[in-house]
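> The structure follows.
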Amino acid sequence: MISAVLPTYNRAPLAFSKGQGSWLEATDGRRYLDLGAGIAVNALGHCAPELVAVLQDQGAKLWHVSNIYTIPEQERLAALLCDQSFADTVFFTNSGTETAELAIKMARKFHYENGQPERTAFLAFEGAFHGRSTGAIALAGSEKMVKGYGPLIGGFSQLPWGDLAALKAAVSDQTCAVIIEPIQGEGGIRPAGQAFLRELRAICDATGTLLIFDEVQCGMGRTGKLFAHELAGVTPDIMMVAKGIGGGFPLGAVLASEKAAKGMIAGTHGSTYGGNPLACAIGAKVTEIVSDPAFLAEVVRKGALFRQGLESLVARHPQVFSGVQGEGLMLGLKCVKTPGDVVAAGYGAGVLTVAAADNVLRLLPALNIPDADIAEALNRLDAAATALAA
């Protein structure tokens, strides 16, 4: 008999009743140190007091009115994001998947409005994850995501990760846009590399191709920059943001230059819930906090501290781990063992992590994780690795 909740997840045998900061308490009372942060969503930890205060204040005033009306909270957050990025305009969604759909539409509409309706082809990269909608899975193209869902939306091709020669050969007068995660999350915490991103920008500029960055997982301060592409000193034409922007509240955004958004006039796109007052009030507080240069400097420091400890962990457990990769507090432990086994061993040690592709264990803690919790995380990961090796 099928369960009341559609069984599309392989869920861990854990349920939580409350959380604070980097800690979760299970329904049986046991406490776990959370290094997954809801898959990079809880940017300021669980029940951050600053966000709880905004939630309570805005929740007592106004939750939802729809985009039929002007929403001051939405305009404020859009202005914050534009001030802190390349963007001239923002559209708000409820999730990262929704941002992928708008990015596809916006890019194709751009070329249509420019008198080049034939430019509909997208180039993406193997190992990518852009969401679970039919458009997003067609973008990524991996068999495990597309099997059984055909026929897929056409016009999407995947290139080998990091292969500039393949990219140059693939771009044509039919190409609409190139989409890439500056650091792949689901794909195994794989940075594209600063030189690659700079060359990618140059190729797009030379061919009139739009460049879309998917920063759903790597954005909002996770790398020590507000957006990961800043590390390479380049900007996209369109950018997808979600996860951490709401600090745990469902919120996403598509940021774009005025040029790239030229075709998106009244009636071309919409969302019933997207950009509601409650979500945007919380998103504005998150953005104010994580965009502060002092906060970002702390992410860099904490990331270096954590990475140093992880390198020592790898040296002590070469039969379990083989290396560390990533930026800031978006770190991956390359595993010798199956990542799922390491995750399970972590449950026994009271630490929560997230598996990824390419035999990588994702570590995506709250961006404000205390140093003491980093030390405790290393102790618990050490205990998990010891148990697994035994």
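> Is at least one residue of the stretch 77-84 assigned by TED's automatic domain parsing to the domain that holds Thr175, touching a strand residue (DSSP E or B) at 6+ places or on another chain (Cβ under 6 Å) and closer than 26 Å to Leu255 by Cβ?
Yes - at least one qualifying residue is present in the stretch 77-84.
> In the set Thr287, Thr386, which member is within 21 Å of Ile39 (Cβ to Cβ) and of a type in the set (Ser, Thr, Tyr)?
Thr287
> Could you look through the stretch 24-51, keep only residues that are without any contact (Cβ under 8 Å) to a residue 60 or more places away in the chain and not polar (S, T, N, Q), and pick out the one that is nearest to Glu327 (Cα to Cα)?
Applying the filter and picking the extreme gives Cys47.
> Mind checking whether some residue in the stretch 277-285 is closer than 20 Å to Ala100 by Cβ, touching a residue at least 60 places away in the same chain (Cβ under 8 Å) and either aliphatic (A, V, I, L, M) or assigned to a helix (DSSP H, G or I) (or both)?
yes
> For the stretch 235-258, name all the residues that are closer than 25 Å to Ile203 by Cα and either crowded, with 20+ Cβ neighbours inside 10 Å or in contact with a Phe, Trp or Tyr (Cβ under 8 Å, 6 or more places away or on another chain) (or both).
Thr235, Pro236, Asp237, Ile238, Met239, Met240, Val241, Val254, Leu255, Ala256, Ser257
> OK, next. Condition first: β-branched (Val, Ile, Thr) and over 20 Å from the mean Cα position of the chain (by Cα). Now tell me which residues in the stretch 344-362 satisfy that.
Correct list: Val351 only.
> Does Thr272 qualify as being outside any strand (DSSP E or B), out of contact with any Lys or Arg (no Cβ under 9 Å at 6 or more places or on another chain) and of a type in the set (Ser, Thr, Tyr)?
yes
> With respect to the numbered conditions (1) free of Cβ contacts under 8 Å to residues at least 40 places away in the same chain; (2) out of contact with any helix residue (DSSP H, G or I) (no Cβ under 6 Å at 6 or more places or on another chain), which one is the sole condition not fulfilled by Gly326?
(1)
> On to the next question. If you check Glu73, Glu98, which single one turns out to be touching a Cys at 6+ places or on another chain (Cβ under 8 Å), acidic (Asp, Glu), in contact (Cβ under 8 Å) with a residue 24 or more places away in the chain and within 22 Å of Gly248 (Cβ to Cβ)?
Going through Glu73, Glu98 in turn, the sole match is Glu73.
> I'm trying to understand the selection: among the residues of the stretch 253-269, which are in contact with a helix residue (DSSP H, G or I) (Cβ under 7 Å, 6 or more places away or on another chain) and assigned to a loop (DSSP other than H, G, I, E, B)?
Ala260, Ala261, Lys262, Gly263, Met264, Thr268, His269
> Working carefully through the options Ser312, Ser291, Ser322, find the one that is touching a Lys or Arg at 6+ places or on another chain (Cβ under 8 Å) and not hydrophobic (A, V, I, L, M, F, W, C).
Ser322
> Take the stretch 335-358 and flag every residue that is over 20 Å from Tyr32 (Cβ atoms) and in contact (Cβ under 8 Å) with a residue 40 or more places away in the chain.
Passing the criteria: Lys337, Ala357, Asp358.
> Hey, among Gly224, Gly188, Gly219, Gly233, which residue is in contact with a strand residue (DSSP E or B) (Cβ under 8 Å, 6 or more places away or on another chain), of a type outside the set (Asp, Glu) and farther than 26 Å from Ile137 by Cα?
Only one candidate passes the filter, namely Gly224.
> Something else: Taking the criterion of being surrounded by 14 or more Cβ atoms within 10 Å (Cβ to Cβ), of a type outside the set (Val, Ile, Thr) and part of a loop (DSSP other than H, G, I, E, B), would at least one residue in the stretch 142-154 satisfy it?
Checking the stretch 142-154: at least one residue is surrounded by 14 or more Cβ atoms within 10 Å (Cβ to Cβ), of a type outside the set (Val, Ile, Thr) and part of a loop (DSSP other than H, G, I, E, B).
The values are calculated or read from the model by the stated rules, or taken from the named source; none is laboratory data. Quantities reported herein were computed from a predicted structural model and do not represent experimental measurements. Reconstructed Cβ throughout: ideal geometry from the backbone, glycine too, with neighbour counts over all protein chains shown.
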